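Accompanying notes for the structure given below.
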Amino acid sequence: MDDTYVEALAAGATLVAGNKRLARRLMRAFDIARQAAGHQVWRSADILPWNAWLTRCHEQSASERALLNPHQEVALWERVVREWAAGGDGERELLQPKVVAASASEAWELARAWHVPLTAGAFQISDEAQTFFGWAQRFQVLLTEGKWQDTAGVADVLSANAPPSRRILLAGFDELTPQQTALCEALQQAGCSVERIAAAAEHKSSQAVRVGLRDAEAEVDAAARWARRILETQGDAGEIGVVAPDLEARRDMVERIFADVLEPPAVLPGAPPAAAFHISVGRPLSKAPLVHAAMLALQCGRKPAALLLEVGMLLRSPFLAGARQEAGARGMLDARLREYRCTEVPLAVVSARAPLMLQSQLARFARLRERLPASAPPGFWSEKFAELLKAIGWPGDRPLDSSEYQVLDAWKDLLAEFASLDAVLPAMGYEEALARLGGIADDKMFQPEERDAPVQILGVLEAAGMRFDHLWAMGLHDEAWPRPAKPHPLLPVALQRRLGLPHSSADRELFFTRQLTARLVTSAPDVVLSYPMGADDAVLRPSALILHTPPAAELNLSGVPAYAKVLYGSAEMERLADEQAPPLRTHEAARGGAALFGDQAACPFRAFARRRLGAEGLESPTPGLEARERGTLLHKAMERLWAELESQANLLATPAERLAELVQRAVAHSLGELAGRLSGPRFAALEQWRLERLIHAWLEVEKTRPPFNVLQQERDRQVELAGLPLTLRIDRLDRLADGKCAVIDYKTGAKNIDAWFGERPDEPQLPLYACCSEEPVSVLLFAQIKWGEARYKGLAADEGAVPGVATLNARNLEDAAEDWPGQIARWRAVLDRLAKDFRAGNAAVDPKYGGETCRHCDLQPLCRIHERS
């Protein structure tokens, strides 16, 4: 900071900065300058961001109007929007009133800042503009009635009554709005000195180069390696800045790559936050784990039930008291609750099954929740939310780290901001209050306290007024720099362009972006301007604003390898082929029945883990019925129906009215067994109608077959194959006219009989049934009960056994035997080998189709196949 301005601040001048970051930076520079001058004690400099300075001036003005905070203003705009929608006789229904209110608030701020004339004539150009004009009129009436002052209008009020000041310094403003200019002129007329300064001298001799990288990720990686090389080669690298116009959109990628390149150990569990770099853009406070856990806990207080997945996340959270002591029991409770496959669960059900400490916390929470009124103002809910969280044991009993303490403080501020809505909102219920609190948490950006990191990563506007020793500006391609014009939809476009509002026209964007480019190039003696050469399938070119910059001959980048490779190569790796499990004991049974063979064929490890270890992924309940449950309903309905029909002859002889009655009764019976999964009578009626139509369509297929009797349905049979005891359940076994049998497996999706063949068959169930049947089997059938595609698929020993089902020879199948007995023998040999492999403990991680087999497998964390790559 220039000594002249240091002395001015020491003498009592006020410095108003363009943003919070610059204000903190200038405050630090002032303190360093005073210390360097030999002072041991000094008065803090009066340095404030623009909005904070306006707020202070309003408070010092003794105005009768209370200044609204941003959340209060948006809530007031939402009130205006909802009143307008309610007065439109149903023609003004809005899907997202809160989003519309936020847009209206933004339009109001623009209109005040750029002195847009709020007259009826200026806003007659479009329906949107006329509507906003009406909203603005109503908003001003509410401000007057409530004796409130909107933030956007503070500068205008101060211009009419300039606050007493001796000297004002302005820093970090790329441009002043008409409203800001008017206030500065009013201050000068009142005798105050107003001076616009630069935070640091511009580097006229800046050496800037241009470079294109493969894509956005390669661009970030190059910037990180460039910064690392500077830190490695220069003892005092000075200030290193990295600027990205779209930093908010790519924040996660930037943090991941910079951490991996600049401070690799920071990615390890339990490691302190990275200290080599700092990103200026924060994340929504709602995304902080501590706040996320708080919102989950409060959502459990919704009635009559909470969402199961939210309850599960809360059970696994470390931010409830007793999380360490009861971690295993709480995790098992989550798994057990998922087995019910319900999307919602009452809190009483969770409490009844919870371990002791959690049970006590939930009981206190429930008692407090029951005493809460149906409606109350936001301030009341703010207090009760804090009490509910304390009752349930939030934020836990483990020590919080520095970042978590900052989040906790931000949460307390959040509750205070929510309580401030008392002034503008009426009483509300628990769920509405919780939704509004969550909305504020989504809007509130949180960033841990800024550190003096050598590498500062900023957005373009945040870099205003800052000086660096090295600067890399990325993302400067032709489609983003300058950005496309985007006029505000609620303000007249012609008026926006005439007054020069931000983003109002392409000319305006070009003019402003040219200024930003010039400022970036002169912000450091060493500047790199980069752009991605591609994004998805699009080819990108450098922005026209950086084409005059010479291309870089060579970038001096650090060649540090990825941390994962460093760890992998830092030690001698010992390989252990652990593919052999203990063999099964003689006559020891295994779980799974026919599915065991499918798993063994797909991947031996899958069969071992599922059928011997009992390893299964957690259920993920979804609204409505799952495909598996729909299949169960069909199976039960078909079983009930054929128990009454018994044969095709009876089917053909049954009158249509009687058949419809039988189908209706069978479906109703099956639905009754899953009544707990049906979301009300309307859903049950739709499911009844769907199943009845599906079954009637299928019965038409059954009528085309030669005569048959239903011999068995859904009956368990104990068999043994290669010494492996099994329990098999066949969907249906039909007796044909020749005395032989047809094995039928109901399927609601498309199936292919090619899956029966090969050394590792994908669908070995029907071949297994044929090999183990006590009756002579001459037909194997998939009953594909699918709307519009109802048909039989399979194989028969003889022609004409089932219409549309051919013999082995007619199908000319690969890997098929020449005749039916030979095929049964071949299947027997394949299944014997799979059974022997399973009994012997063959548990190799050997997916049949590689990644395709693993795609829908939930055992990958156990087999760790991904580590092969």
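The values are calculated or read from the model by the stated rules, or taken from the named source; none is laboratory data. No experiment lies behind these values; they were computed from the predicted model shown. Using ideal geometry, Cβ is built from the backbone for each residue, glycine included, and neighbour counts are taken over all protein chains shown. Heavy atoms of the whole protein, side chains included, go into the accessibility calculation; ligands, DNA and RNA do not. Shrake-Rupley method; radii C 1.70, N 1.55, O 1.52, S 1.80 Å.
Some points to look at:
- Using the Karplus relation 6.51 cos²θ - 1.76 cosθ + 1.60 with θ = phi - 60°, the per-residue 3J(HN,Hα) values for the range 775-789 come to 9, x, 9, 10, 9, 10, 9, 8, 8, 7, 8, 9, 4, x, 9 Hz, with x marking Gly and Pro.
- Modelled spin labels at Q860 and E673, positioned 7 Å past Cα toward Cβ, are 3.5 nm from each other.
- The overall shape of the range 107-246 is oblate: from the C-alpha gyration tensor, with semi-axes ordered a ≥ b ≥ c, the ratio a/c is 1.5 or greater and a/b is no larger than b/c.
- Working ranking of peptides 182-189, 47-54 by packing, defined as the average number of other Cβ atoms within 10 Å per residue, highest first, is 47-54, 182-189.
- Loop-resident trypsin sites (Lys or Arg not before Pro) (DSSP state other than H, G, I, E or B) in the range 674-735 with no more than 16 further Cβ atoms inside 10 Å of their Cβ: K703.
- Shape call, the range 541-691: gyration tensor on alpha carbons, a/c limit 1.5: oblate
- Cα-based helix-to-principal-axis angle, 20-36 vs the chain, degrees rounded to 10: 50 degrees
- Rh (Kirkwood; distinct C-alpha pairs) - the range 96-175, Å: 14.8 Å
- Using a probe of 1.4 angstrom and keeping all protein chains present, the accessible surface of the chain works out to 49 square angstrom per residue.
- Residues whose placed amide H lies under 5 Å from that of S647, excluding near-sequence neighbours: V710
- Built amide H within the under 5 Å cut-off of L15, gap 5+: D46, I47, L48, L169
- For peptides 615-623, 440-448, 579-587, 467-475, sequence by mean Cβ density within 10 Å, most packed first: 467-475, 440-448, 615-623, 579-587
- A Förster distance of 41 Å, applied to the separation of the beta-carbon atoms of A660 and E774, puts the FRET efficiency at 0.70.
- Note that the range 305-319 has calculated 3J(HN,Hα) couplings of 8, 9, 5, 4, 5, 5, 4, x, 4, 5, 4, 8, 6, x, 9 Hz, one per residue in order, obtained from phi through the Karplus relation 6.51 cos²θ - 1.76 cosθ + 1.60 (θ = phi - 60°); glycine and proline are x.
- Backbone HN-Hα couplings from phi across the range 555-560 [Karplus 6.51/-1.76/1.60, Hz, Gly and Pro as x]: 8, 8, 9, 6, x, 4
- Between amide H atoms placed 1.01 Å from N, distances below 5 Å from G396 occur with A321, all of them 5 or more places distant or on a separate chain.
- Among the listed pairs K384/K444; K20/K390; K747/K836, those beyond 23 Å (Cα-Cα): K20/K390; K747/K836
- Tensor-based shape of the chain (alpha-carbon gyration tensor, a/c under 1.5 rounded, otherwise prolate or oblate): prolate
- 0 to 90° range, to nearest 10: angle between helix 627-645 axis and the chain longest Cα axis: 30 degrees
- Element breakdown for the range 490-534 at a 1.4 angstrom probe: carbon and sulfur atoms account for 65% of the accessible area.
- Taking the C-alpha atoms only, the angle from helix 216-233 to the longest principal axis of the chain is near 60 degrees.
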